[in-house]
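Student: Sending over a structure as C-alpha cells; questions will come in a sec.
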Amino acid sequence: MPNRSVVVVGTSAIDCIVTGLSSYEAIRPAKGKSERMAHGVEVHAGGMALNCAFALHQMGIESCLVTRVGTSSGDRALLGQIRKKQLLRHEDSVIVDPATTAATCVSFVYPDEGRKDRCFLFHPGEATTVTFADLVLPAVEKCIAQCDHIHFAGIGTQGVESRDAVLDYRIQGWIGALQEAGRTVSADLAPSPVLGEGGWRDQMKSFLTSLDMLFPSDFEARALLGMERATGSELAEALQDKYDVPLVCVKSREQGCFVDGSLPEADTPRLAMQVQSEVHVNVRDPTGAGDVWCAGFLAAYARNHGLRACAMAGNAAAAFSLESIGGWTGVRSWEDVWDRVRRRGDFLEGE
C-alpha cells in the first residue's frame, strides 16, 4: 500500500480533442471552403492539475484536488467528474466561484514526421488560478494538512499581473512551514510564453528555490533558462544548479526523461542519468501525457521506490496516456503501470 498521499494544486479545464487530421495544414479550411472534416472529436475533463490528480487516483494513490471552478454547465460537469473520482477529501477544497469560468482547450492532433503532434486553441477562463488566499482557506488548509506531498501543476499559465499563489511573496514561507512539518513539494511547468519573460522568472525564483522536485518538459526548461540548444541532461543540470532544487526531471518525449539530483529524504548522492522511454508506443494523442508522467513518478514515490524506478513509472504512465484519447483516460491501475515497468529489459528488481 502507498505510504504517502498527494494533494494536487492548479487549474482544471475542459479538453476538446480533435483527431483524424491528415496534417497541420488540414486544420485550416481550403481556399474557398468554410469547413474541414475531422474523424473524431472527444470532450474530457482535463487541465494539468486534474489530469495529474485523476491519474493518481487511477493508480491507487490517496489524493485530493485544490482547484477553482465556476457555475456554468461546463464547470458543473467538471465538478461532477471530480466528485465521481472522490478527489474531494473536503468539499470546499474545490473553490466554486460564480466569477470563475473553467479554461477550455481545443487540441488538434495530427501526424508530423511519423509521430503524433498537436496544436492548441486555449481560452484560460476567468480567474481560474488558485490564489494564496485560496491556499489558506480552512477547508484547503485541512486538506493539505492531511496529505504528505503537495504538487503544483501547470506553473506559468498566468503572467506576473495574475494573483497566482506561486507568485505571492508569502509562498516561500508557506512551503517552508510545510517542509518543516515533514511534507515534500513538487511542481510541473506549463508550456506558456510567460516562461521566457524576465519579470516572471524573477518573481518565480523564490517559489522554484523552495521546491523539493521540479518536473518541466525540455521545451519549458529551455524557455525558463533561455538555453534554446541545450540537451536534456544540460537542462536538468542547469536547473538544479540555478534554483538549487534537490531533484530535477526534464521530460523529453521520445527520449524519456533526464534526471539530476536525488529524492527527498533519500540518503543517496546526486545522480545524473537519462531514463529512456519505450521504443514502441502507439501514440494516438499526446494531450496531458506530461501531467500523467508526473502522476506516475509520484505514484512510485508514494510507494517508496527509488529514483530510477520512479522515473520509469513516469515514462510508463505517460505511455498509457499517449495510447489513448485524453490525458488521464488510458491509465487504468498501478498494477498495469508497474507491470509495464517490470517488462522492460533494463528493470532491476528492488528498485
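Computed from the coordinates by the stated procedures, all read-outs in this text should not be read as laboratory data. Everything numeric here is computed off the predicted structure, so don't read it as measured data. Glycine gets a Cβ as well: all are built from the backbone with ideal geometry, and neighbour counts include every protein chain shown.
Student: Picking from 296, 306, 47, which is most flexible by a Gaussian network model of the chain using Cα springs under 10 Å?
Tutor: Ranking 296, 306, 47 by mean-square fluctuation puts 306 first.
Student: Sequence gap at least 6, Cα distance under 8 Å: using those rules, report the relative contact order of the chain to the nearest whole percent.
Tutor: 17 percent
Student: If you don't mind, another one. Within the stretch 239-272, report the trypsin sites (Lys or Arg not before Pro) that DSSP leaves as loop and that have at most 15 other Cβ atoms within 10 Å.
Tutor: Those satisfying the criteria are 270.
Student: Now, a different point. For the chain, just run the numbers: alpha carbon Rg, then divide by 2.2 N^0.38 Å, N being how many residues it has.
Tutor: So the Cα radius of gyration is 0.94 times the expected 2.2 N^0.38 Å.
Student: Something else now. Once you have the Kirkwood Rh of the stretch 221-304 from its Cα pairs, apply Stokes-Einstein at 37 °C and 0.692 mPa s and quote D in µm²/s.
Tutor: Calculated translational D: 236 µm²/s.
Student: State to the nearest 20 debye the size of the charge dipole of the chain about its Cα centre, where the only charges are +1 on K and R beta carbons and -1 on D and E beta carbons.
Tutor: So the dipole magnitude of the chain works out to roughly 720 debye.
Student: Here is a follow-up. What is the extension gain from residue 254 to residue 146, computed as 0.36 nm multiplied by their sequence separation minus the C-alpha to C-alpha distance, in nm to one decimal?
Tutor: 35.2 nm
Student: Among 9, 194, 43, which comes first, then next, by fewest other beta-carbon atoms within 10 Å?
Tutor: 43, 194, 9
Student: If you take every DSSP beta bridge fully contained in the chain, what fraction is antiparallel? Give it as a percent rounded to 5.
Tutor: Antiparallel bridges: around 50 percent, rounded to the nearest 5.
Student: While we're looking at this one, here's another question. Please rank 147, 310, fewest neighbouring Cβ atoms within 10 Å first, as an exposure proxy.
Tutor: So the residues, fewest neighbours to most, are 147, 310.
Student: Who wins for biggest fluctuation among 214, 137, 298 in a Gaussian network model of the chain, springs between alpha carbons below 10 Å?
Tutor: 137
Student: Using packing as a proxy for protection, rank 49-62, 313-326 so that the peptide with the highest average count of other Cβ atoms within 10 Å comes first.
Tutor: By packing density, highest mean first, the sequence is 49-62, 313-326.
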